[in-house]
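Dropping the structure in here first, questions after.
The values are calculated or read from the model by the stated rules, or taken from the named source; none is laboratory data. Remember, it's a predicted structure, so these values are computed and weren't measured experimentally. Using ideal geometry, Cβ is built from the backbone for each residue, glycine included, and neighbour counts are taken over all protein chains shown. Just the protein is used for accessible areas: all its heavy atoms, side chains included, with ligands, DNA and RNA removed. Shrake-Rupley method; radii C 1.70, N 1.55, O 1.52, S 1.80 Å.
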Amino acid sequence: MAETNLPSGDRAKSMQQLALEIVNRLHNAGHAALFAGGCVRDMFLGQQPHDYDVATDASPDIVQSLFRRSLAVGAQFGVIEVLGKQPGVHVQVATFRSDGHYSDGRHPDSVKYGTAEEDAKRRDFTINGLFFDPIAHQFIDYVGGREDLEKKIVRAIGDPYQRIQEDKLRMLRAVRFVGRLGFQLEQATAEAIRSLHQEIKQVSVERITDELKKMLLHRTRAASIASLTELQLLPVLFPQFKHYDSLYPLLQALPESCSFTLAWAALLLDLHRKNDTETWPTRHELMQRYGRAFRLSLEEIQCVIYLVESLPLLFKAEELPWASLKPILAHKQRDDLLSLLRTAGIAWQWDATSYRYCEERLRVWSDETLEPDVLITGEDIAALGIPQGPVYKMLLGTVRDAQLNEEIHDRPEALALLQQLAGRIKG
Ligand code: ATP
Ligand code: MG
C-alpha cells in the first residue's frame, strides 16, 4: 500500500496494536467489540493479517465520539476508519449489521444494524465469518468457519446460489481464497459459480481488475487462473480466445514475487500463444484492447506492450545488432523482460543461451553504454547545407545505430560518418 512509510511487517504489527486498543476502549465503554473477517481467518491459520477489521454493537456516532482521529469511510454501511499515529496505520470499525435485499447483483439496497450473529451471516464465506475476542482470547463462530478452516474448504455462508446471486464479485473472491490459501471449493458453492459464471459481467470493471490483480500478484497465481478456467469464468473475462486449458506452466514458472504487469503480460502471452491468433488481432491490439477493457493505466498498458513485443526479439538476442538490443535493455522494465524470457525458457523448455547472453551484456554494459548521449543533432546536418526533410531522421538514425553498434565512438567520428552519408545523398 502506497500510503505508508513503515515496512509491511511493522505496519501490520502497528495495526494489530491499534485494533487491540480500539477493542479495549469500546469494551471499557460498555460495548461488544470483536476482531472480524479476514484478520481472524489469517490469525487462525497462523498467518500475519495485513489489515484488521473490528465489529461492534456501538453505533458509528459512538465510535466517532470515542476516536477523535477517525473518518466515516463507509457511512451507508456504518463503517468508521480509525487512524493510528503512523501514516498508513488504520483499522476499520463497523457496526454489526445485516444487509438488506440486493437488487443489482452488486450492493445491498439497504443495511440494518443488528446482532453479531447477523453480522457473521451477511459475510461471504464461512472462513471469513469468524470473530475473535482478543480480551477473552476466544473465537466466536456462528457459521462453521473453524471447521472449514480446518478442512481447508471455501464454502458460501447460507445458500450459495442466493449468496452469489446477491453479489457476483463473490465468484472471484472465492477463486482468490481457493488459490491463495490452497483450499478446496465446496461443491455446492462451485456449482453455484458455474451456473452463474456469465453474470460476472455485472460487476464493475474496477472491482474485477482489483481481484485479478490480487490473484496475479500472489505466488499462487497459476492455481487461481486454473480455477478461473475450471469455473468457466476466464472465457467470460477474456472472450477473445478459444483455448483456455493448461495456462499453467508459464504462470507457474514466474518468480514467486513479480509485478502485476509481468504476470498480466505472461497471462495474455500464453492465451495468445495457445490460440495461435498470430495474424488477427495482433498481439499489440490485444494488449491494448484488454488493457483498456480492464482499465489498466496507460503506463501499465505500455509496460505490458513492451514486455510482450520485446520478448520475441530476445529469442535470439545474441544475433541482434547492438543497436537493436541496447534500447530494449535500456528500458526501465528490462528486469521484468528478462524475468519473462527466463520464465518462458523454463516453461517452454528453450535453451537459456539468449537469457544468459542478455545477463552477460548487462554485466558488461553500463547505463551510459546502453543509452549514450547523442553525438550529433539536426544542426550538424543543417551545417552541411542539407535542406530539412525526412532525410534528417534517417541520417540521425544511421549515426545513432553506428554509435550503439560501437562502430563510432566520439563526435569527430560521428561527423566524419555524417559527411560520408551526406556525400552519398548529394552525389
Ligand atoms: P484480504 O486478506 O484480501 O483483505 P479479507 O477477507 O479481509 O481478505 P476484505 O475485502 O478485506 O477481505 O473484507 C473483509 C471482510 O468483509 C471479509 O473477510 C468478509 O467477511 C467481508 N466481505 C468482504 N467482501 C465481501 C463481499 N463481497 N460479500 C460479503 N462479505 C464480504
Ligand atoms: Mg482484509
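Tell me, what ³J(HN,Hα) does each residue in the stretch 388-404 have, in order and in whole Hz, if you take phi through Karplus 6.51 cos²θ - 1.76 cosθ + 1.60 with θ = phi - 60° and put x for Gly and Pro?
Karplus-based 3J(HN,Hα) across the stretch 388-404 equals 3, x, x, 4, 4, 4, 4, 5, 4, x, 5, 5, 4, 4, 4, 5, 5 Hz.
Then there's this: Seen from all sides and averaged, what is the projected area of the convex hull of the Cα atoms in the stretch 228-269, in nm²? Write out the running numbers ahead of the final one.
Details: hull surface 12.6 nm².
Mean orientational projected area (the stretch 228-269, Cα hull): 3.1 nm².
With the crude spin-label approximation of a point 7 Å out along Cα→Cβ, what separation in nm comes out for E319 versus Q419?
It is 3.8 nm.
Return one whole number: the accessible area per residue of the chain in Å², for a 1.4 Å probe. Walk me through the numbers before you get to the answer.
On the way: 20910 Å² over 427 residues.
In whole numbers, the chain has 49 Å² accessible per residue.
Further question on the same structure: Return the loop-located GluC sites (Glu not before Pro) in the stretch 1-92 (DSSP other than H, G, I, E, B) with at most 16 other Cβ atoms within 10 Å of their own Cβ; answer none if there are none.
Within the stretch 1-92, the qualifying GluC sites (Glu not before Pro) (loop, at most 16 other Cβ atoms within 10 Å) are E3.
What list of ³J(HN,Hα) couplings, whole Hz, do you get for the stretch 144-151 from phi and the Karplus terms 6.51, -1.76, 1.60, once you set θ to phi - 60° and write x for glycine and proline?
x, x, 5, 4, 5, 5, 5, 7
Let me ask another. Could you compute the FRET efficiency for T115 and R68, with r as their C-beta to C-beta distance and R0 at 30 Å, rounded to 0.05?
On the way: r = 28 Å, r/R0 = 0.94.
That pair, T115 with R68, gives E of 0.60.
For R292, put the label point 7 Å out on the Cα→Cβ axis and report which residues of the stretch 229-264 keep their amide N under 18 Å from it.
238-241
Right, next: Read phi for every residue in the stretch 356-363 and hand back ³J(HN,Hα) as whole Hz from Karplus 6.51 cos²θ - 1.76 cosθ + 1.60, θ = phi - 60°, with x for Gly and Pro.
Taking θ as phi minus 60°, the curve returns 5, 4, 4, 4, 5, 4, 5, 6 Hz for the stretch 356-363.
The stretch 7-52: Rg/Rh from Cα coordinates, Kirkwood Rh? Please report the intermediate quantities before stating the final value.
Working: Rg = 11.3 Å, Rh = 11.1 Å.
Value, to two decimals: 1.02.
Let me ask something else. Determine the distance separating the Cα centre of the stretch 112-133 from the Cα centre of the stretch 17-96; give it in Å without decimals.
14 Å
How tilted is helix 298-314 with respect to the longest principal axis of the chain? Cα atoms for both, answer in degrees (0 to 90, nearest 10).
Value to nearest ten degrees: 50.
First measure r as the distance between the Cβ atoms of E379 and S257, then evaluate 1/(1 + (r/R0)^6) with R0 = 56 Å and state the FRET efficiency to the nearest 0.05. Write out the running numbers ahead of the final one.
On the way: r = 48 Å, r/R0 = 0.85.
For R0 = 56 Å, the calculated efficiency reads 0.75.
Would you please give the residues with an amide H less than 5 Å from that of R97, counting only those at least 5 places away or on a separate chain, with H modeled from the backbone geometry?
G114, D119
What are the extents of the Cα atoms of the chain along their three principal axes, in Å, largest first?
93, 48, 37
Tell me the carbon and sulfur percent of the accessible area for the stretch 20-75, rounded to whole percent, probe radius 1.4 Å.
On the way: 1280 of 2670 Å².
That fraction is 48 percent.
Continuing with this model, one more query. Would you mind telling me the share, in percent, of accessible area of the stretch 193-236 contributed by carbon and sulfur at probe 1.4 angstrom? Before the final figure, lay out each step's value.
On the way: 920 of 1780 Å².
It is 52 percent, rounded to a whole number.
Above 15 Å lies some portion of the pair distances; for the stretch 140-220, what is it as a whole percent of all C-alpha pairs? Provide the component values of the computation, followed by the final result.
On the way: 1867 of 3240 pairs.
Value for the stretch 140-220: 58 percent of Cα pairs lie more than 15 Å apart.
Compute the angle between helix 169-181 and the longest alpha-carbon principal axis of the chain, please, reported from 0 to 90 degrees and rounded to the nearest 10.
Orientation of helix 169-181: about 80 degrees from the principal axis.
Roughly how many nanometres apart are two label points built 7 Å out from the Cα toward the Cβ at H107 and E21?
Each label point lies 7 Å from its Cα, and together they span 3.2 nm.
Starting from a Cα-only point model with no solvent, please compute log10 I(q)/I(0) by Debye for the stretch 1-114 at q = 0.10, 0.16 1/Å.
The Cα Debye sum returns log10 ratios of -0.31, -0.76.
Related question: Roughly how tilted is helix 283-293, in degrees to the nearest 10 and between 0 and 90, from the longest Cα axis of the chain?
30 degrees
With all pairs of different alpha carbon atoms counted, what Kirkwood hydrodynamic radius in Å does the stretch 166-295 show? Walk me through the numbers on the way to the answer.
On the way: mean 1/r = 0.0670 Å⁻¹.
Roughly 14.9 Å, rounded to one decimal.
Can you give me the long-range amide H partners of V111? Hydrogens built in the peptide plane at 1.01 Å from N, cutoff under 5 Å, separation of 5 or more residues or another chain.
G100
A further question follows. Where does the Debye-calculated log10 I(q)/I(0) of the stretch 288-390 sit at q = 0.14 Å⁻¹, using only Cα point scatterers of equal weight, no solvent?
Debye intensities relative to I(0), on a log10 scale: -0.69.
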